[in-house]
2 protein chains.
Amino acid sequence: MTIKISIDCMGGDHGPSVTIPAALSFLKQQPEAELILVGLEDVLRAELKKHHAASNARLSIRHASEVVAMDDPVEVALRRKKDSSMRVAVELVKDGSANACVSAGNTGALMAVSRYVLKTMAGVDRPAICSILPNQKNGPTYMLDLGANVDCEPHHLHQFAIMGSVLFSAMEGVARPTIGLLNVGTEEIKGNEVVKATALLLRADHERGALNFYGNVEGNDIFKGTANVVVCDGFVGNVTLKAIEGLSRFMKSVFKQSWLSMLGALIARGALKKLNPERYNGAGLLGLKGLVFKSHGGANAYAFEWALKRAFDAAKYNVQEQLSAMIADLMPDTPGAQRQG
Amino acid sequence: MTIKISIDCMGGDHGPSVTIPAALSFLKQQPEAELILVGLEDVLRAELKKHHAASNARLSIRHASEVVAMDDPVEVALRRKKDSSMRVAVELVKDGSANACVSAGNTGALMAVSRYVLKTMAGVDRPAICSILPNQKNGPTYMLDLGANVDCEPHHLHQFAIMGSVLFSAMEGVARPTIGLLNVGTEEIKGNEVVKATALLLRADHERGALNFYGNVEGNDIFKGTANVVVCDGFVGNVTLKAIEGLSRFMKSVFKQSWLSMLGALIARGALKKLNPERYNGAGLLGLKGLVFKSHGGANAYAFEWALKRAFDAAKYNVQEQLSAMIADLMPDTPGAQRQG
């Protein structure tokens, strides 16, 4: 089986100098993969040449004349740069040329372009961003939404839970992943009104065997690995994820302040690798009519390759079909199911 | 000038074995301090004896026959244990015997007991919990609310901003501390409805010179030290703080997994001390008619002493009077100002 991935090669802080070597390495690792490199053709060819590579049966180039900058407003990405590498990469998914696409471009633009080009899946009100974090059980914790939706109603969080469950199940090979609802305490009475109402929906799903709802989890449970999937609104998710990134960066800066602490960090690097966010790169934009994965903008080639691997796996394990099926099964009467055509 | 602090000596995971040595050490450091140790008299005397100390002119004992357990529901602390060390310590503030009180007991119980005993300050709708975090500029970032208020309206966040500004100013000796509003992006158009409406209130205060509103900040800005005070609702604050704690604990566990990484951590310990949460222990419960500080439940004696120092400083620098004055100045027409007697 061949899985085709379109890559926005111009996106991210580093563009082709990261995306091309990552693509070449992934192609070697994964004989079932076929990659479409999207971007300024000259630039891409030059970068391929640097690595003594050229396009071939499994590696094609699709020219796109524009680039969405990391600080471009969503409006610019959406309305003005209609031939951007980001947009063309997503359009390749839309027209069936690719099974999934990967971009390290700016998150807001990627989500807006993906929604515009692919449209939202039937039964889903709002697509969500699902990130992957390491935990103390040496497994991943999937967390969503990470910023696409700042004002959420219970049925939105309910849909996030379903989508997170499907993604975890397909990607990690776990039949009934546990779903935790992010809250300020574990007791049922804790939380704001939206979270309390969401818990009722998830508990009902749990009781009829549709979802494996663990219950409320707290911020520290993300890293404990208490539940496989942690559900929250995009405001909480975005702030939490950025706070975590901020702390990691702070720690790195502290290590760099003296040669002694750098030595310590060097000695402990084997252990620190466990915390390495590079392995966890590749967030899924879920709930669209097509698979889109977002790499961290600052990702290096190793990290970008992980995002490619995630997109590949999601296509291979039919995440899209499973999502549609589970949403149709659990959301027949939601406003979303009606609103979608 | 003498500052009197009442201490809930039974609170926290370790009780008197932490609170008593911390109190004794603080008393030596701070000749202006007078401490009232609250708890089971026999237990406190025995612990004092261990440290070859006894009550004296600056160190008195106030017997309280009950103890609020860390897992006691709020209701139990509030309605059943009326002679708890926590409650008596707060009552000593109420009746003027102490200028501030410190407890390492459970947060929900401490807030509920403090609200019940002291009542909310005029002009404040809801008290908030203000924690202190380290940042890359080697200064503290004050952050509130950390969990007392899960459903917030813009005027609540507005009040948190005022209270955080007063606390930072008094404690850190900064005339006009910068206030950041925690959001998913820095642009004005970003955020949920509550945050956008709050920004308007803070900007109006800024324009008439009342508050130094920096604008929106993101999760990573907490550790960058972009703004002195970070304002958010209690849901976001609680989840973020616990996620941060969770990541720290995860890292510690990773360091402990091999002797090599432990060696690395040992070598880097000087640097790691900068991140040490112990120095940042002591969260303020703001907006009550009296000063209450909360120590982390798991605090050791060194950390608990920091909480004592914070309570002492807050009383010494007249935080309470400054809070009342600024709230009266900026909140004359809020619903809260009317609701309070």
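The values are calculated or read from the model by the stated rules, or taken from the named source; none is laboratory data. As the structure is a computational prediction, the values presented were derived from the model and not from experiment. Virtual Cβ from ideal backbone geometry, glycine too; neighbours counted across all protein chains shown. All accessible areas refer to the heavy atoms of the entire protein, side chains included, with ligands and DNA or RNA removed. Shrake-Rupley method; radii C 1.70, N 1.55, O 1.52, S 1.80 Å.
Summary of computed values
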item: Loop-exposed GluC sites (Glu not before Pro) per DSSP, neighbour cap 14 Cβ within 10 angstrom, longest uninterrupted part of chain A; result: A:33-186
item: Residue-normalised accessible area of segment A:129-280, given per residue in Å² at a 1.4 Å probe; result: 37
item: Accessible surface, 1.4 Å probe, highest first, among residues A:HIS158, A:HIS52, B:HIS63; result: A:HIS52, B:HIS63, A:HIS158
item: FRET efficiency estimate (nearest 0.05) - Cβ-Cβ, A:LEU263 to B:ASP83, R0 41 angstrom; result: 0.15
item: Fraction of accessible area attributable to carbon and sulfur, the protein assembly as shown (%, probe 1.4 Å); result: 52
item: Those trypsin sites (Lys or Arg not before Pro) in segment A:218-259 that DSSP places in a loop and that have at most 15 other beta carbons within 10 Å; result: A:LYS256
item: Stokes-Einstein D (µm²/s) once Rh is taken as the Kirkwood radius of the protein assembly as shown over alpha-carbon pairs, at 20 °C in 1.002 mPa s; result: 80
item: Mean Kyte hydropathy of 0.5 or more with a Cα span along the axis of at least 24 Å, helices from DSSP in chain B; result: B:234-255
item: A/B buried area, accessible surface, summed, 1.4 Å probe, Å²; result: 4300
item: Area of B:MET262 that stays accessible when all protein chains are in place (1.4 Å probe, Å², to 10); result: 100
item: Two-site FRET efficiency, A:ASP71 against A:ARG249, from Cβ-Cβ distance with R₀ of 25 Å, rounded to 0.05; result: 0.85
item: Label geometry 7 Å along the beta-carbon vector: A:GLY298 inter-copy distances in nm; result: 2.7
